[in-house]
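A short worksheet on the structure shown next.
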Amino acid sequence: MITSVTELCHRVLPQMQKNGWGRIINLSSLAAFSPPGASLLYTGIKHYVLDISQSLDMELKPQGIHVTALCPGFTYSEFHDVMGTRDAANNLPSVLWQEPEEVVTEGWDAVMNGKPVCVPGLVNKAIASSVRPLPISLQYFLGNHMNPFKQ
């Protein structure tokens with residue numbers, strides 16, 4: 001999940017730079033704003049995707065290239081089936097879930113408008129903005145004790 005994002009950007013950017021125009025949406029996650037969790041490299045990986053997207057956007061925007069980190073929360077898809085976490089996901093409140101079309105539309109609008117980070121949905125925006133200011137020690141505690149997928 002790190003290598004592929006980095007490699008794809010590396011491969012498409014030269015042509016975009018040559019053209020003086022381009023758009024990249026990297027799929028991060030609301031987890032990028034979350035505390036780390038035991039057995040969850042996912043949060044660190046998605047934080048990397050958030051960081052590389054913002055860094056690339058800062059560097060490339062003057063060349064007409066916009067890079068956006070799309071950071072959705074829970075989205076109806078096969079993701080939780082593939083991960084084997086469907087039962088736990090089904091226990092989460094419905095207010096936390098979004099339809100894929102909503103996520104795609106917000107991500108597309110963000111990259112076309114030059115926004116480097118897109119957190120789709122009001123609930124997700126509230127979650128992202130409330131977790132980041134927490135002290136690292138509290139983030140660690142929350143990540144260790146409040147992981148809904150911890151076995």
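With every protein chain in place, what's the accessible area of residue 58 (1.4 Å probe, Å², nearest 10)?
Counting only protein heavy atoms, the figure is 140 Å².
Would the stretch 86-142 count as rounded, prolate or oblate if I go by the C-alpha gyration tensor, calling it rounded below 1.5 in a/c and otherwise prolate when a/b exceeds b/c, oblate otherwise?
oblate
Could you derive backbone 3J(HN,Hα) for the stretch 16-33 from the dihedral phi with the Karplus parameters 6.51, -1.76 and 1.60 (θ = phi - 60°), listing whole Hz in sequence and x where the residue is Gly or Pro?
For the stretch 16-33, the Karplus curve yields 4, 5, 4, 7, x, 6, x, 9, 10, 10, 9, 7, 9, 5, 4, 4, 5, 9 Hz.
Pop out the ³J(HN,Hα) list for the stretch 77-83 in order, Karplus 6.51 cos²θ - 1.76 cosθ + 1.60 with θ = phi - 60°, rounded to Hz; leave Gly and Pro as x.
Per-residue couplings from phi come out as 6, 7, 3, 6, 5, 5, 7 Hz.
How large is the charge dipole for the stretch 30-151, taken about the Cα centre, if only the Cβ atoms of Lys, Arg (+1) and Asp, Glu (-1) carry charge, to the nearest 20 debye?
Charge dipole of the stretch 30-151: 440 debye, to the nearest 20.
Using only Cα positions of the stretch 14-72, each an equal point scatterer, no hydration layer, compute I(q)/I(0) via Debye at q = 0.12, 0.14, 0.19 Å⁻¹ and quote the log10 values to two decimals.
Debye intensities relative to I(0), on a log10 scale: -0.33, -0.42, -0.65.
What is the ratio of the Cα radius of gyration of the stretch 60-109 to 2.2 N^0.38 Å, with N the residue count, to two decimals?
1.51
Name the aspartates and glutamates eligible as straight-distance cross-link partners of residue 115: C-alpha to C-alpha under 12 Å, and not fewer than 8 places from it in the same chain.
Once the sequence-local aspartates and glutamates are set aside, what remains near residue 115 is 57, 106.
Run lengths n ≥ 4 of DSSP H only: what is the helix-derived mean residue ellipticity at 222 nm for the chain, with -39500 (n - 2.57) per run over all residues, to the nearest 500?
The helix contribution divided over the chain gives -16000 deg cm²/dmol.
The values are calculated or read from the model by the stated rules, or taken from the named source; none is laboratory data. Owing to the predicted nature of the structure, the values given are computational and were not obtained by experimental measurement. Neighbour counts run over all protein chains shown; Cβ positions are idealised from the backbone, glycine included. Just the protein is used for accessible areas: all its heavy atoms, side chains included, with ligands, DNA and RNA removed. Shrake-Rupley method; radii C 1.70, N 1.55, O 1.52, S 1.80 Å.
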